Structures are given as structure tokens and as C-alpha cells.
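Chemist: Sharing a structure, written as C-alpha cells. Questions coming.
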Amino acid sequence: MITGQTKVLYMIAHPIAHVRTPEILNPLMKARGIDAVMVPVHYAPEDFGLGWRAMQRTRNLAGVVISVPLKEQALQLADEVLESAQRIGVANVVARRSDGRMVATNLDGMGFLKGVLNNGADAVGRHVLLLGAGGAGKAIAITLAGAGIASLRIFDTDKGRAAALAAEVQRLAPDLPVAHGTNALQEADLVINATPLGLHPETDPLPLDISDLHAGVIVADIVMKPRETALLQAAQAAGCQIRYGAGMLDTQLELMLEHFGL
């Protein structure tokens, strides 16, 4: 039962309908007797700064989970940024302390590695094609750079953003072959969709040419709803191993609750 003592958590995104965190976290907190509730909150990017100031003053707010496309703003607005978010340059989990201070961290990269790529084992020695250089793409790229991959190629429709991320990864991992440019499969044997393409299956195009996919390629998609995106369906039909996005969230839940102090 929600009472006046219940702590509130926000799940923030733009758009919001696809988010999965409240439907997973609320039953978990109920089962554990944690007096808190998570609700979805929709802020457009141009309104997020105003919403942030309101959150700082919301005294029963324990924290927020941030999704696309607001993760960079969250990092810039936070009062304190923990090392994981500093290193990656985006934040996806923010705790509100009792004095109103907003403390940001990033759990995306480790959540992806552990929950989607078998604790990183599926990445070792792979030539990676990363589609998307936004908040989640940054976290994944920087985490993968230390996970034993053979090479990394980054594609984004915003070529400048892809180039900037490639340069940052190269700075952190100078011995790793890093490139940016085409979304063609070429020699890649691990394809990661870190774009929102797939959230709207009726209208979204595929993020790459699926005719090049073949057995031996692992295809991972961070989209969680629908579970089987058009990309994963096409990859499975081509004989690829597929990895669902849900694991990226599931492995972060314990760390989220710990960061919120719940």
C-alpha cells in the first residue's frame, strides 16, 4: 500500500511508453518489503532542466533512472558524479540525498556486459560493430574497450558523434583498433544495436543491412520492449546467436536499489 511514508522513484525517458523498469522493480520491492514505488515520468529534453530542479526539491524522491535521450543532461545537472559515470560521460541512475543533492552513476555498461554478453565472455576476441553512439552506446563502447574485444567500429547517423566516441575509446584503449563510419557488417562478428530503432516495429527501419548476417555472428539489441525486435528476428532467421536487451536491466536492479539507499 502506498502511504505518506512511501519513497518515490522516477523512471524518466522520452518517449516513455516502452520503459520496462517500473514493471520489474515494483514487484521486486514489494516482495522485499521495501516501502517505495517507481512511476514512469515523461520529460522532453527541453523540459528536463526544469523537471530536474523540481526533483531536487521533491523531498520524498529517493532517486531516478534515466533513459534516452536524457542521460547526457543528467550528468551535466548532477551535483556529484561517481567515477563510472565520469569515465563514460553519461548517467543513467541518480540518487536524491536527504539534502537535495543529486548523485549520478552509470550502470549501463556493466549491466550490458554481465546481463547480455555472459559476463563479458561473449565479447572476448570479437570484432564489434556498435550501432549508436548515444548515452547507452557510450557506456557499452567504453566498457567493451576493456573486455578483450579484437576491434570496435562505431556507426551513428550523427557522424560527428560517432567520431567523437571513437576518439574517446581510442584515448582510453590506445592498443585497440577503433574505427567509425559504415554500418555494413564487413568482418564484424558481434553486432550491437544501441539505438532506439526497434521500439516502434511498425515504422522503424532496421539499423543495418540484414542480408549480410550469417551464422557465427552474435547480434545483441538493447531494446527491451518488444523483446524480439525485427533485428533479432532477422538475425535468428539468418542463423545468428541473439541476445535480448532485458538482461541489461535485470543485472542493474540490485545496484540501483543500493545506490538509492533502499
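Chemist: Could you tell me whether VAL68 is under 23 Å from ASP108 (Cβ atoms), outside the structural domain of HIS200 (by TED's automatic domain parsing) and modelled with pLDDT of 95 or more?
Modeler: No, not satisfied.
Chemist: Can you tell me how many residues within region 42-76 are farther than 16 Å from ALA91 by Cβ and β-branched (Val, Ile, Thr)?
Modeler: Here the count works out to 1.
Chemist: Scanning region 17-44 for residues that are in a loop (DSSP other than H, G, I, E, B) and either at pLDDT 95 or above or in the same structural domain as GLY198 (by TED's automatic domain parsing) (or both), which turns out farthest from ALA62 (Cα to Cα)?
Modeler: ALA44
Chemist: A further question follows. Which residue out of THR195, THR203, THR251, THR182 is closer than 17 Å to THR21 by Cβ and among the polar types (S, T, N, Q)?
Modeler: Details: THR195 fails: closer than 17 Å to THR21 by Cβ; THR203 fails: closer than 17 Å to THR21 by Cβ; THR182 fails: closer than 17 Å to THR21 by Cβ.
Going through THR195, THR203, THR251, THR182 in turn, the sole match is THR251.
Chemist: If you don't mind, another one. For ALA133, indicate whether it is within 30 Å of TRP52 (Cα to Cα) and in a loop (DSSP other than H, G, I, E, B).
Modeler: Details: within 30 Å of TRP52 (Cα to Cα): yes; in a loop (DSSP other than H, G, I, E, B): yes.
Judged against the criteria, ALA133 is a match.
Chemist: If you don't mind, another one. Give region 92-124 a look and list any residue that's buried (at least 16 other Cβ atoms within 10 Å of the Cβ) and at positive phi, or say none.
Modeler: Step one: filter region 92-124 for residues buried (at least 16 other Cβ atoms within 10 Å of the Cβ), giving 92-96, 102-117, 120, 122-123.
Across region 92-124, the qualifying residue is only GLY120.
Chemist: So is ILE218 over 17 Å from the mean Cα position of the chain (by Cα) and over 15 Å from LEU130 (Cβ atoms) or not?
Modeler: The answer is no for ILE218.
Chemist: Continuing with this model, one more query. Given LEU190, LEU144, LEU176, LEU165, which one is surrounded by fewer than 21 Cβ atoms within 10 Å (Cβ to Cβ), touching a residue at least 12 places away in the same chain (Cβ under 8 Å) and not acidic (Asp, Glu)? Steps first, please.
Modeler: Details: LEU190 fails: surrounded by fewer than 21 Cβ atoms within 10 Å (Cβ to Cβ); LEU144 fails: surrounded by fewer than 21 Cβ atoms within 10 Å (Cβ to Cβ); LEU165 fails: surrounded by fewer than 21 Cβ atoms within 10 Å (Cβ to Cβ).
Just a single option satisfies the conditions, and that option is LEU176.
Chemist: Right, here's the next one. Counting only residues that are buried (at least 17 other Cβ atoms within 10 Å of the Cβ) and of a type in the set (S, T, N, Q), how many does region 57-91 have?
Modeler: Matching residues across region 57-91 total 3.
Chemist: Working carefully through the options ARG97, ARG153, find the one that is out of contact with any Cys (no Cβ under 8 Å at 6 or more places or on another chain), under 23 Å from THR182 (Cβ atoms) and modelled with pLDDT of 95 or more.
Modeler: Exactly one residue qualifies, and that residue is ARG153.
The values are calculated or read from the model by the stated rules, or taken from the named source; none is laboratory data. Given the structure is predicted, the values throughout are model-derived calculations rather than measurements. Backbone-built Cβ (ideal geometry, glycine too); neighbour counts: all protein chains shown.
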